[in-house]
1. Roughly what would the spin-label model give for residue 452 and residue 40, points 7 Å off Cα along C-beta, in nm?
2. I'd like to know how region 3-203 sits against the 2.2 N^0.38 Å rule of thumb: what's its Cα Rg over that expected value?
3. What does the extension gain come out to for residue 416 and residue 363, with contour length at 0.36 nm per residue minus their alpha carbon separation?
4. Using per-residue counts of other Cβ atoms within 10 Å, averaged over each peptide, order 42-49, 68-75 from highest down.
5. Would you work out the relative contact order for region 215-330, in percent, from Cα pairs under 8 angstrom that are 6 or more residues apart?
6. Rounded to the nearest 20 Debye, what is the dipole magnitude of region 3-203 about its Cα centre when Lys and Arg each give +1 and Asp and Glu each give -1 at the C-beta?
7. Roughly speaking, what is the centre-to-centre gap between region 53-95 and region 235-281 when only Cα atoms are used, to the nearest Å?
8. At a 10 Å Cβ-Cβ cut-off, how would you order 10, 147, fewest neighbours first?
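Taken together, the values in this text are just the output of simple stated rules run on the coordinates, not laboratory data. As the structure is a computational prediction, the values presented were derived from the model and not from experiment. Here the Cβ positions follow ideal geometry from the backbone for every residue, glycine too, while neighbour counts run over all protein chains shown.
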Amino acid sequence: MRADLLYDGIDGLDEALAAVDGFDEVLVSGLLRPGPAQAAGLAGVAEAVAGSPLAARVAEAAEKAAAGTAGEDHLMALAGARTALLGSAHDALLARVEEALGRTRAEEDGTAPADAAEPSANLLAAARSWLCDLARAGWHGIDHELIGGAAPVVSAMLPDPALRRQATLLDGFAAELAASCPGASLERVPVRRWADLWSRAMLLTLPGAASAPAVGEATGRLLPLGVDVQEHATAVQAQVHAVFEPADGGTPRLVRASVSAPKPDTVVGAGLWQLLRPHMSLLTAVSEGRAMDLDAMPVTGEGDLIWDDARARTGEPAEVFATARVALPTAASFATAPLDRHPARIAVPVLLEGYAVEEEAFQVAGVCLAVDSDRVPAAGPLTPEAVASSGACVGLLRWDAGEFLVQPLAVERMVRKKAVAVHAGAWAGGTADKAGVRAEKAATDAVKVLRERAGKLLRK
């Protein structure tokens, strides 16, 4: 990997992100009575897209918003401009990563989108109206009455599968805002996060924006690289990154397979696997170091496998570092959908070798690459100590807060002159490791207690 290329400047990147930051600050105080600082932030967005097809609409929207007279169409144009700027940043950063790794992106497959019923225009309009009210009030102007306006919209959306995506986003966003009410007393506002959620929710109220992705079929061999665990108080997701080798001898592809489950907040660490295992046999293959043979497994145009255990069977042993050294360099990535183009979505599998570890960073070819140890899950044996003593790493290259970082998925280190691999997902399918067994037993006990309490409540 040409790590030095990751630190070369990218033309226009800072300017695009500065325009986004300026608009995000506008949403803090809201658009009901915009001041000079907000007018400057709005003008910055319009200027940033002046050379694009959005120029005229965004210029008009910025002018109306600065005067406090912006309608829904104007706010939609501003949300679109913000998303376009972050999308351009995503594309520029990803192009730089591909240049540093010497990889290419595969051509579009041309598969047709899955059939989906047209969602209710009235419900989408109601959601859009609430989101516009949020923008006018600003994050410092939110209160429980305003946030409560989302509840009937979410309740009406949830029964409709075609609106489930929008409903889930609105529900989570509203819950997060409600926990921060009243906004006037907020000492610290998650400016970028709330602006991300707002703009994405706005665009998803457009007809067709949340249509089902294109779906094809994958038949061949799946070689896992590692597991990324994303945990919240009430939900957990495991995302397996892998190389897929088509049975017809086509170009290997980088793919993902995800499984999610609701959880009580008392189930943490290795106990999370108990909630996820029943839904995906791939987790067992990951922990056993095996490949999987797929037969017509559905795969979206973005490289996400729609996992079906009936279409997969456990294959031969497949060691992660062997896969990373042999198959990963020639694997091509899928294209990213327009609404998913955001710097935070960048997670590119990489193999790093021959580095030195210094203060939570890898020294690679004279370049310091920060290690994102906060993303290493507690649900496995991979620890900061193992990372610090490693000589090879399979991880995800990410971009956050203005720099590239690597999130370790597995490391290889020398133990008694023998290379030993330590994987973040080693306990995914079960383990005989003493620490893992203890953690799973504690989680099992917690789940039993919760079930007993729930049973008593139901009987009453």
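1. So the label points at residue 452 and residue 40 sit 6.3 nm apart.
2. In units of the globular-protein estimate, region 3-203 measures up at 1.12.
3. Net length gain for the segment: 16.7 nm.
4. In descending order of packing, they fall as 42-49, 68-75.
5. 31 percent
6. 560 debye
7. 35 Å
8. Least crowded to most crowded, the residues run 10, 147.
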